[in-house]
Structure formats: C-alpha cells, structure tokens
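The values are calculated or read from the model by the stated rules, or taken from the named source; none is laboratory data. Keep in mind the model is a prediction, meaning the values are calculated, not measured. Because the Cβ atoms are built from the backbone with ideal geometry, glycine has one as well, and the counts that use them run over all protein chains shown.
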Amino acid sequence: MEQINKTNDIDDDINISQIIEVFLEKKLLVVSITLFFAIFSVIYALSLPNIYTSKSLLAPTAVEDSLSTKLSSYSSIANLAGVSLLRESATKSAEAIARMQSYEFFSEFIVPSIGLENIIAVKEWDSLNNKIIYDKNLYDVNTGKWVDDTKISQQKAFEVFLSIFSLSVDRETSFINISIQHKSPFMAKKLLETIIVNINENMRSQDIRLAQASISYLNESKNLTQLQSIQEGISNLLENQMQTLMLASSNESYIFKVIDSPLAPERKSGPVRSIICIVITMIGGFLSLIAAYFQHLRESKNI
C-alpha cells in the first residue's frame, strides 16, 4: 500500500514538472498573451469615465409621529363619517420610500427638472470646464434634440435611474440613506436634491388636498345631523384635520428632514482602475497558460 502511494506521488511530481516545462517552453506565448491583456486592461480602464456618488441622510419628521398619535384615537369616528385620516407614520414613510422609486414620481418630477439627456445620454464630465459631454450618437447639444427618438424613452431612462439610485433604511434608527451615482458630481447632487425636495412637496400637497376635502365634507356632514354625540365627534375630526392642514402647509420638510445634505463629491467613487487592470491581466495570464498547454498537446500529436 505504501508502495502504491509513493508511486502516485512520483507520478504527480512528474506531471507537475512536465506542465512547468511546457509553460517554460512556451514562455514567449504566455508572456505575449499576458502582456496583450495587460496593455488592453490599461487602455480599457483609462477609457472608463469617472463615477461620482452624492449621498444624503434623512430622518422621518416628528410631525408624522404627532399627527398619527392624535388621529389614531378618532379612527372609529372617522370611519363612521366616511373620512380618510392621515396614514400612520411608518406607513407614510414607507409610502414615500416606495414613491421615490416609482415610475410615476420619476416621470412627474425628475424628468422635468433634470431632463432625459442627463440620465441616459451623458458620456463624461469635463472637470476643467465643469461641463457635461453628451454622446453625439444619442443627443445633439446644439439643437437640443435626440438623434433617434425611437431609441429613447422614459421607461428606458427609468431603468437607468433605478440602477444609479440607491436607498437603504436603518431598522434601528429609521434613518434613510439615499445616494445617486453620476458621471458629473454636480448633477449627482442636483438629482438627489430634486428627489428630496419633491418627495416632501408631493406628499405634503397630497395631504393638503386630502385635509381640505375632509374639512369640506365634515362641515357638510355636521349640518346634516342633529345628534349631539355625532356633532361633537365631527368637531373633533375637524379640529384635527385643521391641524393636519396647518402642519402640512407650514412645514417644507413634511415627510423627511435632512440630516446630511447632498454634496458634489470631490473624489470619484469609481471605477477602481487598478483592480480592473489586475483582474483583466490575471484572466489573460490564465488564458495564456491554457493556450500554451493546448498548443503543446497539438504539437505532441503531430510528432
């Protein structure tokens, strides 16, 4: 048994030695292919535009908590009166988070403020002149028109937006981290600011309309009933709807308050060109070894 194991060890040593000899014999091929991939990796890495990431930290406003606490005690009366009260804090925040990632929010607020060309037609950013360079095959800067309208759509732009927009929620603190990646640091900042301002305004205006409609309906309902208990309940609902209207009308940071404002980053977040070069060169080296081995096998068969 020991003799068999020794024989196997010897065979393994011979096979490894033979493989090393093959690679040394074909070292010119190995070096050439690896060098080609190394040069290609450098050229490719340098051709990639810089990516900048603007970040912001948000927190749900205390207004949500206070309103939810006050309105929860009147939910049963509101249901009888047919009035929809303000959603609970967690639900409102969750709705705002979902809305920020919706196509409707993108098309209604982001596209008019930013423009489709700044989402899908940016080629690179000229840092010296602080100027965005657009892909000439997609967008003509001089005319402000698309080269081929059939290749452009808001749905395609929305897919690109979702790929550059990141959102995460800290379950312990309820803080929300949002970020945008863009080839221009200033456009990344503008995009993030647009999202924050418009999500607050969108939710605020929605609750203002809801409160105004509820107040109008409650006033009509109060005049139609003679029951003292129902009138008192409606009066309480009216008071809270007025508070909702007041808070929504006076508070710009209605859903989220900004803890850390978006900045135009001075340093790029990607690409990591050194890693790209190393990975591509390693792939080239591995392929060169395979090519050398198969060339050796082909030559061996021809002998």
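Would you confirm, using the coordinates I've provided, whether Ile278 is surrounded by fewer than 17 Cβ atoms within 10 Å (Cβ to Cβ) and at pLDDT below 85? In short, no. The residues in segment 260-275 that are among the small types (Gly, Ala, Ser) and exposed (fewer than 13 other Cβ atoms within 10 Å of the Cβ) can be counted, and the count is 1.
The set of residues from segment 141-187 being among the small types (Gly, Ala, Ser) and touching a residue at least 60 places away in the same chain (Cβ under 8 Å) comprises Ser174, Ser179, Ser184. Close Cβ contacts (under 7 Å, 6 or more residues apart or on different chains) running from residues in segment 197-225 that are without any contact (Cβ under 8 Å) to a residue 12 or more places away in the chain to residues that are among the polar types (S, T, N, Q) and surrounded by fewer than 18 Cβ atoms within 10 Å (Cβ to Cβ) comprise Thr225/Gln231. Residues that are under 16 Å from Phe294 (Cβ atoms), β-branched (Val, Ile, Thr) and loosely packed, with under 15 Cβ neighbours inside 10 Å within segment 18-44 comprise just one, Ile19.
Answer yes or no: is there a residue in segment 236-259 that is modelled with pLDDT of 90 or more and loosely packed, with under 15 Cβ neighbours inside 10 Å. Scanning segment 236-259, I find at least one residue that is modelled with pLDDT of 90 or more and loosely packed, with under 15 Cβ neighbours inside 10 Å, so the answer is yes. Leu192: of a type in the set (A, V, I, L, M) and within 21 Å of Phe256 (Cβ to Cβ), yes or no? Yes: the conditions hold for Leu192.
Given Ile208, Ile178, Ile215, which one is assigned by TED's automatic domain parsing to the domain that holds Leu237, of a type in the set (A, V, I, L, M), at pLDDT 80 or above and part of a helix (DSSP H, G or I)? Just one listed residue meets the conditions, Ile208.
Whenever a residue of segment 46-62 is under 22 Å from Ile278 (Cα atoms), its partners that are acidic (Asp, Glu) and part of a strand (DSSP E or B), lying with C-beta atoms within less than 9 angstrom and at least six residues away or across chains, give the pairs Pro49/Glu124; Asn50/Glu124.
Of the residues in segment 153-175, at least one is part of a helix (DSSP H, G or I), out of contact with any Lys or Arg (no Cβ under 9 Å at 6 or more places or on another chain), over 30 Å from Gln241 (Cα atoms) and of a type in the set (Lys, Arg).
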